[in-house]
Structure formats: C-alpha cells, structure tokens
Amino acid sequence: MLRALSAYHDCLCRQKDSNLVPDGYSRLGVSFNLVLNTDGTVRELLPYVNMVNTGKKTKEVPRDELFPFRNSVPGIAAETIEHREKYLFGIEWNKKEKKLAVTKNSLRAFEKNKEKNLAFLGNLSSPVIDAYKNFLDCWQPEQELENPFLVALDKKYGGAKFVVTVEDDNAVYTPLNRDPLVKEKWESSLRNRPIPNDAVMGQCSISGKYGPIARIHDNLTGIQGGLATGVNIVCLKSSAFWSYGHKESYNSSVSQEVMEKYTKAFNYLTSEPNHKKILDDMTLLYWAMTKDSETPYIRAFSGGVGFFTLPEQDPMEAERSERELQQGELDSIFSQLAQGKEADWHSFGIDENTEFYLVGVKPNSSRLAVKLFEHNRFGRMMKNIALHHLDLQLSPEDKQIPIWLLIKSLKSPVASKDALPPDLSAKILQSILGGTPYPRCLFDTVVRRAKTDQDNVSKKFYAVSRNRVRIIKACLTRMNLIKRGGLIMLNTQNQDGAYNCGRLFAVLEMIQQKALPGINATIKDRFFSSACSTPYLVFPRLVKLSQSHLGKLEKGIAVYFEKHLQEIMSNLGDSFPKALSMEKQGMFILGYYQQKEKFYEKKSEGEKNNGAE
C-alpha cells in the first residue's frame with residue numbers, strides 16, 4: 001500500500017488538474033493583496049478573495065496561494081516570503097482596545113522577517129522583488145499606526161494573510177511568492193539540502209534506494225474517528241517490535257523520501273471529497289494511477305458503486321443535470337458489462353487498463369488499521385461491480401442496494417441487540433470489487449432473519465422482504481447454486497425440491513387467506529420456519545388443511561389454485577425433502593417470494609376470466 005501511495009504521489013505531480021501541494025510548498029488561504037509602488041511605499045490594500053455559491057447565496061472565501069513550506073514552530077520565527085500581518089508590518093491588533101498596536105513581539109517579528117527575506121532575496125532582482133526589498137528597508141512600524149490602509153481593515157487586520165504585488169503605471173506583476181526567480185532559488189535550496197550528520201542511512205524497503213531512513217513518519221489526517229493531530233501507519237514505539245539493532249521506525253526501513261511521498265498522497269486523498277467516502281466507521285480512499293486527469297475515473301467509480309448515490313439536491317442545477325446524464329450513460333455501460341459485452345469506456349475518456357486502488361482504514365488510538373486494500377484494472381473492477389448488481393436483481397428494473405441497506409436488512413426491528421461482525425461491510429465491499437463469494441455471515445443471517453422475524457404490517461415491515469430475497473439470490477448465485485442471470489423471475493420448470501416447497505407454501509398461504517379473509521394468524525406465522533427447515537414434517541399437514549380451505553372458495557378460484565398445486569406437486573415427485581441445508585432454505589425462501597409476487601402481479605384479461613383474481 002505504501003508503494004502504491006508513493007507511486008500515486010509521482011502521478012499527481014504530473015497531473016495538470018491535480019490539487020496536490022508540490023514538495024517544499026504550503027497552500028494557504030490569503031484574504032488581502034498588499035500592492036506596493038516601485039519605491040516600496042504602500043500603494044493600496046485590495047481584497048484577495050473568490051466568490052463561492054452556497055445554495056442561493058454567495059460568500060467571500062480566501063484565495064489559495066502556494067508559499068515556500070511553512071514550519072509550525074512556537075515563538076517568533078519568520079518564514080521565507082512572509083504572509084502574516086505581524087511579520088509584514090510589525091503591527092498587531094489589540095483586541096481589548098480595538099486598535100492597531102506595536103509591541104516588543106511585533107517589532108521582533110518584523111526584524112526577523114526583514115533579516116531573513118533580505119538575505120534570501122539579496123542577489124535577486126525583478127520589479128516585485130525590488131519593491132519588496134525597498135518596503136522592508138523603509139517601513140517603520142511605530143510611524144505607521146495611523147496608516148489609512150491598515151486602519152481601514154479594522155478588526156479584519158487581526159490574523160489577516162497577505163500576498164505582495166507591485167504596480168506601476170505600465171504593468172501589474174505577479175505576487176512575490178509566484179515570482180519565477182523566487183521559485184527557482186527556493187527549489188534550488190531544497191535540492192541542495194545537506195544530509196544531516198545524525199541521519200541513519202540504509203536501503204529503503206519500498207523503493208530499494210539507498211538513503212536516509214525516516215525515524216518519525218508524518219501524521220495522517222482527515223480520518224473519521226482519528227485524533228485531531230493525526231495518526232500513523234508506521235509506528236514502532238514499543239521495544240518488543242525492535243529487531244536487528246534497529247529502533248523505532250528505523251526498523252521499517254522506509255526512506256525519508258518515500259515517507260514524505262506516501263504521507264502527502266494519503267493526506268491529499270483525505271482532503272479531497274471526490275476521493276473519500278465513509279462506510280460505517282471506515283474511511284474509504286480511492287484513486288486511479290494515471291498521468292492524465294483522474295476526474296472521469298472517479299466519477300465513473302462513484303456512480304457505479306452501490307453505496308455511492310447522487311445527491312438529492314445540488315447547488316448548481318446545471319451540474320446536477322450533467323451528472324444525471326452521465327449516470328444514465330453509466331447505467332448503459334453496466335448493462336453491457338453484466339451481459340458479458342465489451343463496454344465503451346473511451347467515450348468517458350477512460351482507459352480500462354488503468355490501475356485502480358481502494359483503501360479502507362479505521363483508526364484505533366494513535367494508529368491506523370488497514371481494513372481493506374483492493375487493486376485491479378479499472379475495467380475489471382467495474383465489471384465486477386456490474387456483476388454484483390446483476391446478481392442482486394430480481395427484475396431488470398431493480399435499482400442498486402447500498403451496502404448500508406444490505407446491513408440494515410440483516411437486522412430485526414425487535415431484536416436490535418443481535419450483533420453483526422464489525423468488519424462485515426468491509427468484507428462485502430471486498431467481495432463486490434473482487435468478484436468473489438459474499439461473506440457466509442451475510443447469507444446465514446439473512447436466511448435466519450427471514451425465517452424467525454414476524455411481519456408487522458402497521459410498520460410496513462415484512463420478514464421476507466424484497467431486499468432480503470435479493471441478498472439470498474445473490475449469495476446463491478456466487479455459490480454456483482443458481483446460474484448467473486437465472487431465477488430473475490418465477491421459474492415453473494425448476495425441479496429443485498426446496499424451491500418448489502417454497503412455491504407450494506406460498507400457494508397454501510394464499511388459499512388460506514382467500515378462504516378466511518381477515519384471519520389474524522396465517523400458516524406463515526405458525527409454520528414458515530419449520531416448513532423451511534423440515535418440509536417432510538410440516539407439508540402433509542398443510543396440504544390436508546388446504547383441502548378444507550379450497551371447499552370454501554368459489555369454483556373458478558378453487559380450480560385456479562388446484563392447478564397450481566398439481567403443477568408444483570408434480571415437480572416435487574413422490575415425497576417432500578426431509579431436511580433442508582442452509583443453502584436449500586435460501587432456495588425455499590426465494591421460491592416462496594417469487595410465487596407470492598406472481599400472485600400480486602397485474603393479471604391479463606384471460607387470467608381474470610379464469611378466476612385468477
């Protein structure tokens with residue numbers, strides 16, 4: 001996983017639309033533009049913001065700018081190309097007196113900034129560099145407390161962040177932090193950084209290169225449930241994990257270079273909403289290993305996986321319409337994939353051979369547990385997702401079932417304390433992406449709940465619900481007990497004993513309901529579980545009981561049901577199965593549901609005339 005994240009960092013550095021912060025830089029939100037004259041005097045202070053739509057309103061947000069890397073250290077410490085008000089002007093905002101003030105700290109901050117930046121810019125020359133050096137030389141904080149530009153900011157001055165530009169009568173130049181000469185010198189200083197004398201050298205276990213080994217790995221942030229300061233994957237504090245004379249994280253042999261790459265790539269993924277989703281208490285991160293734009297891959301994956309859904313409301317109606325159109329095109333592709341046909345990914349700007357990754361992580365105390373790591377070709381992974389949706393279908397009109405709804409289907413409304421495996425969601429997702437059988441717990445639990453739960457019509461809860469039956473059908477398909485694409489509708493030619501027992505039970509229940517309208521408890525309430533487990537002991541009694549119920553029905557309706565009984569009994573043969581395995585009980589439930597669903601379909605005119613209503 002660390003190798004994949006390190007390689008992804010290199011891909012991001014080559015992507016044109018990547019938001020990754022380059023090595024040696026920090027991204028900061030800036031609210032004001034300090035415009036200087038060429039002689040270093042302040043020409044004006046301008047807002048430096050973007051207007052963002054938030055529903056029906058717009059608001060101002062700071063503009064992002066890249067500055068040389070910022071070290072968050074306590075005390076007074078100036079940075080290369082400063083952006084903070086106290087360091088730029090040597091003036092602070094007094095909250096109590098609500099006015100500008102010069103203090104020992106602010107004067108010291110200004111002097112530190114002046115010393116460091118004049119040294120850094122000393123032999124460089126451009127309009128904005130020369131103007132800034134003049135500004136640092138001529139600015140006197142004590143004499144600028146009444147500066148009209150600073151006074152006009154009022155309380156906004158406190159904590160304000162600035163870029164520095166220069167303007168003359170002929171041109172407006174780029175900000176100081178983006179000046180080509182500044183960037184060239186800063187990046188040159190990064191390349192020529194000396195290796196510390198106390199650095200531990202060795203061969204990196206990830207890249208294989210020889211160089212400095214990382215002692216402490218940077219924190220990984222943005223994880224749901226993790227510490228606000230961040231967590232680690234590589235963390236060997238206990239001496240029990242030290243070996244071969246190596247202590248702490250030196251024992252992992254991950255180079256400083258690779259450590260910086262994988263942590264930056266990880267934190268980039270957690271900061272980008274399009275690359276991050278939450279499933280239960282697990283954070284999912286996914287990416288495409290491509291030098292081109294990732295956008296089409298991420299959109300296709302998000303639209304194709306069942307636990308990702310389109311937002312109900314989108315601030316931008318045009319964007320919402322575009323996404324809905326793309327979703328329709330995706331549905332067409334998934335339909336082709338499910339039928340074993342080749343899908344046209346090129347129309348989306350996608351190479352189906354691109355490597356695609358998905359990581360699921362969960363924090364515990366200060367460490368990060370990797371619960372899931374999937375890697376496959378994008379086309380193969382999307383085909384597996386399409387097959388998952390096909391396996392879950394009881395009809396072509398069935399929509400995707402999100403994983404959280406699959407989990408909800410395993411729970412009873414009255415037995416809410418029944419514990420499910422904490423990693424069940426991760427295992428389900430793993431089986432979807434890999435095209436492997438679903439977790440056995442998923443199948444066993446849904447069959448048990450369908451047998452033991454009681455219907456509650458007032459709360460619209462049904463033990464044998466459509467979602468539960470869809471899960472059973474999908475699991476049986478992955479067990480190779482049902483042919484893929486089979487039993488999407490009732491199959492009256494199926495000779496499976498368990499399937500026909502389920503059909504027979506549905507017919508017997510319907511006969512009872514027709515004969516005794518408004519009955520409080522049907523045979524389903526009393527015998528469904530036992531009939532599902534041991535048909536041999538239950539069905540003879542139920543068939544005998546149905547004869548008295550048929551005698552109470554009108555002749556046409558009675559004949560209609562008798563035909564059903566004869567057809568099913570002929571499929572069963574001479575006797576009922578004595579006991580059904582868990583897999584066969586799933587077939588029983590599937591047959592029961594499909595037969596019952598058939599009764600409630602809209603009947604043709606011919607069926608109505610034959611008393612089918």
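The values are calculated or read from the model by the stated rules, or taken from the named source; none is laboratory data. Everything numeric here is computed off the predicted structure, so don't read it as measured data. Please note: Cβ atoms are built from the backbone with ideal geometry, for glycine as well, and neighbour counts cover all protein chains shown.
Summary of values
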{"item": "Subset of the stretch 473-491 that is more than 13 Å from L590 (Cα to Cα) and in contact (Cβ under 8 Å) with a residue 60 or more places away in the chain - its residue that is surrounded by the most Cβ atoms within 10 Å (Cβ to Cβ)", "result": "R478"}
{"item": "Tally of residues being modelled with pLDDT under 85, buried (at least 20 other Cβ atoms within 10 Å of the Cβ) and either in contact with an Asp or Glu (Cβ under 8 Å, 6 or more places away or on another chain) or aliphatic (A, V, I, L, M) (or both) across the stretch 281-317", "result": "2"}
{"item": "Leading residue by the ranking (surrounded by the fewest Cβ atoms within 10 Å (Cβ to Cβ)) among those in the stretch 73-88 that are touching a helix residue (DSSP H, G or I) at 6+ places or on another chain (Cβ under 6 Å) and not charged (D, E, K, R)", "result": "I76"}
{"item": "Some residue of the stretch 329-350 being closer than 17 Å to M382 by Cα, buried (at least 16 other Cβ atoms within 10 Å of the Cβ), in the same structural domain as I403 (by TED's automatic domain parsing) and modelled with pLDDT of 85 or more", "result": "yes"}
{"item": "Selection within the stretch 123-144 - over 48 Å from the mean Cα position of the chain (by Cα) and surrounded by fewer than 16 Cβ atoms within 10 Å (Cβ to Cβ)", "result": "N123, D137, C138, Q140, E142, Q143"}
{"item": "One residue from R440, R468 being charged (D, E, K, R), under 30 Å from A369 (Cα atoms) and not assigned by TED's automatic domain parsing to the domain that holds Q595", "result": "R440"}
{"item": "The one condition in (1) within 19 Å of Q594 (Cβ to Cβ); (2) buried (at least 18 other Cβ atoms within 10 Å of the Cβ) that H549 fails to fulfil", "result": "(1)"}
{"item": "The stretch 398-437: number of residues that are of a type in the set (S, T, N, Q) and assigned to a loop (DSSP other than H, G, I, E, B)", "result": "5"}
{"item": "Residue ranges of strands (runs of 3 or more DSSP E) in the stretch 123-229 with at least 1 members farther than 27 Å from R27 by Cα and among the aliphatic types (A, V, I, L, M)", "result": "201-203"}
{"item": "Among (1) at pLDDT below 90; (2) surrounded by fewer than 20 Cβ atoms within 10 Å (Cβ to Cβ); (3) closer than 30 Å to S425 by Cβ, the one test that Q256 misses", "result": "(3)"}
{"item": "Only one of T174, T165 that is among the β-branched types (V, I, T) and without any contact (Cβ under 8 Å) to a residue 60 or more places away in the chain", "result": "T174"}
{"item": "Out of L372, L368, L358, L442, sole residue that is within 23 Å of S465 (Cβ to Cβ) and in contact (Cβ under 8 Å) with a residue 12 or more places away in the chain", "result": "L442"}
{"item": "Residues (hydrophobic (A, V, I, L, M, F, W, C), touching a residue at least 60 places away in the same chain (Cβ under 8 Å) and closer than 19 Å to Q15 by Cα) located in the stretch 270-300", "result": "L285, W287, A288, M289, A300"}
{"item": "Any hit, the stretch 80-101, residues being at positive phi, of a type outside the set (K, R) and either under 43 Å from the mean Cα position of the chain (by Cα) or assigned to a loop (DSSP other than H, G, I, E, B) (or both)", "result": "yes"}
{"item": "Only listed residue being surrounded by fewer than 13 Cβ atoms within 10 Å (Cβ to Cβ) and at negative phi, chosen from A386, A419, A426", "result": "A419"}
{"item": "Top-ranked residue in the stretch 573-605 [being in a helix (DSSP H, G or I), among the hydrophobic types (A, V, I, L, M, F, W, C) and modelled with pLDDT of 90 or more; ranked as surrounded by the most Cβ atoms within 10 Å (Cβ to Cβ)]", "result": "F588"}
{"item": "Where L181 falls short, out of the listed (1) within 39 Å of the chain's Cα centre (by Cα); (2) surrounded by 11 or more Cβ atoms within 10 Å (Cβ to Cβ); (3) at pLDDT 90 or above", "result": "(1)"}
{"item": "Filtered residues of the stretch 442-457 (kept if farther than 30 Å from G379 by Cβ and part of a helix (DSSP H, G or I))", "result": "D444, T445, V446, V447, R448, R449, A450, K451, T452, V457"}
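Rundown of residues vs (1) in contact with a Cys (Cβ under 8 Å, 6 or more places away or on another chain); (2) under 30 Å from T229 (Cα atoms), yes/no style:
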position: N364; (1), (2): no, yes
position: E374; (1), (2): no, yes
position: L387; (1), (2): no, no
position: L394; (1), (2): no, no
position: P413; (1), (2): no, no
position: P421; (1), (2): yes, yes
position: K451; (1), (2): yes, no
